[in-house]
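Where a number appears in this text, it was derived from the coordinates with a stated rule and is not lab data. Source: prediction; values computed, not measured. Here the Cβ positions follow ideal geometry from the backbone for every residue, glycine too, while neighbour counts run over all protein chains shown.
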Amino acid sequence: MEKSQRPALSVVVIGRNEGDRLVKCLESVLASHRFSAVPPEIIYVDSNSSDGSPERAAALGVRVIPVQPQRPSAALGRNAGWRVAQADTLLFLDGDTLLHPDFISHALTALHDPQVAVVWGHRRELHPEQSLYNRVLDLDWVYPAGESEFCGGDALVRKSVLEQVGGFSEDLIAGEEPELCQRIRAAGYKILHIDQPMTKHDLAITSWQAYWRRAFRAGYAYAEVSQRLAGSTFPLWQSDCRRNARHSLVLIGIAVATVAAVVMLQSLLPLCAMFGLYMGLSLRSAFRAKWKQASPSTLLLYGIHSHIQQIPISVGQLSYWWDRWRQQRRFLIEYK
């Protein structure tokens, strides 16, 4: 195809059993270009869904690429999409997001700088009122604008840079975007986070089990990516992993010591002291996060979350090391 005939933008959406969320995602992409002279190319990569997602995407006129790997991963889906994309500029989206209609124009403007390879904006939760988990995890998406170390799953990327660095690492089951970004930075490019709304995300976490598995997955990714990038030009999450290990050990140690003190003293005063200490730590974390502009009650919940999540994160890290010692590869870690 001649360059003049190529679309200016290719949108790569990945998904697995997203159902109605996928349809709404694709409709948001179509709506954002309803009055454009040149429509974008839209590619949906489906990772072996069993809910009819490929058929629903095809009904919207979207190009569907099915992948049926033995070990599904977001990286594999994104690679399958961008490698067949026709445009020089790519927009990656997860199938459980809604695209903001103004993001692409702002991101393309930021991409005028030849040193910028990746542009991303604000991802926020679609239904923070659905559960306490959604409410606090919504703040996890809030990052300061400016040059950043990495991006998330939604981002505008130069295809030429992806070709240069080899794309996403398909053997990672999580953390593939931050790992890719370090290779992009090592090639001399920048990752830019702009102060613009980008997507609404449907996290749909309504249970403790889902919350635990998401944090577990994050811990697994921290350990795997930090080890892969150790000694590289741009190492990532080295100090985070050590800090998490110390943090979780202190929290567990305080709890164990408190239980022992309650039994030995036959008093609930140690339990009250532990509760006061934990609340003090949570209030301090809430104060530090006040720049995220949430309500006081949400900030308090976020402060509590900042400490509670350390335990499943550390379990995820330990699981990575256990798998590595056994020389085994873990399957996809899903929390929905």
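Its DSSP H runs of at least 4 residues, each contributing -39,500 (n - 2.57), put the calculated 222 nm mean residue ellipticity of the chain at -15000 deg cm²/dmol, to the nearest 500. For Lys190, nonlocal amide neighbours, meaning residues 5 or more places apart or on other chains whose placed amide H falls under 5 Å from its own, are Val116, Ala117, Val118. From the alpha carbon centroid of the range 6-72 to that of the range 261-336 is 36 Å.
Could you please state, rounded to a whole Å, how far the C-alpha centre of the range 139-170 is from the C-alpha centre of the range 233-254? One Cα centre to the other: 24 Å. Working from Cα pairs under 8 Å separated by at least six residues, relative contact order for the range 207-336 is 42 percent.
Identify all lysines with a Cα-Cα distance to Lys190 below 16 Å; exclude those on the same chain that are fewer than 8 residues away in sequence. Candidates past the 8-residue exclusion: Lys159. For the chain, take every pair of Cα atoms, bin their distances at 10 Å starting from 0, and report each bin as a whole percent. All Cα pairs, binned at 10 Å, distribute as 5, 23, 33, 24, 10, 4, 1, 0, 0 percent. The HN-Hα couplings worked out from phi for the range 162-171 by the Karplus form 6.51 cos²θ - 1.76 cosθ + 1.60 (θ = phi - 60°) are 4, 5, 5, 9, x, x, 6, 7, 6, 8 Hz, whole numbers, x standing for Gly and Pro. Summing charges over all other residues whose Cβ lies under 12 Å from the Cβ of Gln209, with Lys and Arg as +1 and Asp and Glu as -1, gives +2.
Could you name the lysines whose alpha carbon sits less than 22 Å from that of Lys24, not counting residues in the same chain fewer than 8 places away? Straight-line reach from Lys24, under 22 Å: Lys200, Lys336. Neighbour counts of C-beta atoms inside 10 Å place Lys190, Lys336 in the sequence Lys336, Lys190, starting with the fewest. Once the Cα atoms are used to define both axes, helix 296-308 deviates from the longest principal axis of the chain by about 80 degrees. Across the range 22-27, coupling constants 3J(HN,Hα) worked out from phi with the 6.51/-1.76/1.60 Karplus curve, θ = phi - 60°, read 5, 4, 5, 4, 5, 5 Hz, and Gly and Pro carry x. Once backbone amide H atoms are built at 1.01 Å from N, Val64 has Tyr44 as its partners under 5 Å, excluding neighbours fewer than 5 places away on the same chain. Pairs of Cα atoms nearer than 8 Å and 6+ residues apart set the relative contact order; for the chain it is 17 percent. The modelled label-to-label distance between Arg284 and Leu318, using points 7 Å beyond Cα along the C-beta direction, is 2.4 nm. Other residues lying with their Cβ under 12 Å from the Cβ of Arg324 contribute a combined charge of +2, Lys and Arg counting +1, Asp and Glu -1. The distance linking the range 109-132 with the range 190-205 is 3 Å (Cα centroid to Cα centroid, whole angstrom).
From a point 7 Å beyond the Cα of Asp88 in the direction of its Cβ, which residues of the range 112-143 have a backbone N at a distance under 19 Å? Zone members listed by number: 112-119. Taking 16 Å as the cut-off, the amide N atoms of the range 192-232 that come nearer than this to a point 7 Å along the Cα-to-beta-carbon line of Asp51 belong to 201-207, 210.
In this structure the amide hydrogen of Leu9, modeled in the peptide plane, comes within under 5 Å of the amide hydrogens of Glu41, none closer than 5 places in sequence on its chain. Distance between the 7 Å Cα→Cβ label points at Ile252 and Gln209: 2.3 nm.
Each residue of the range 143-151 was assigned a 3J(HN,Hα) from its phi angle through the Karplus curve 6.51 cos²θ - 1.76 cosθ + 1.60 (θ = phi - 60°); the sequence is 10, x, 6, x, 5, 10, 7, 7, 10 Hz, with glycine and proline shown as x.
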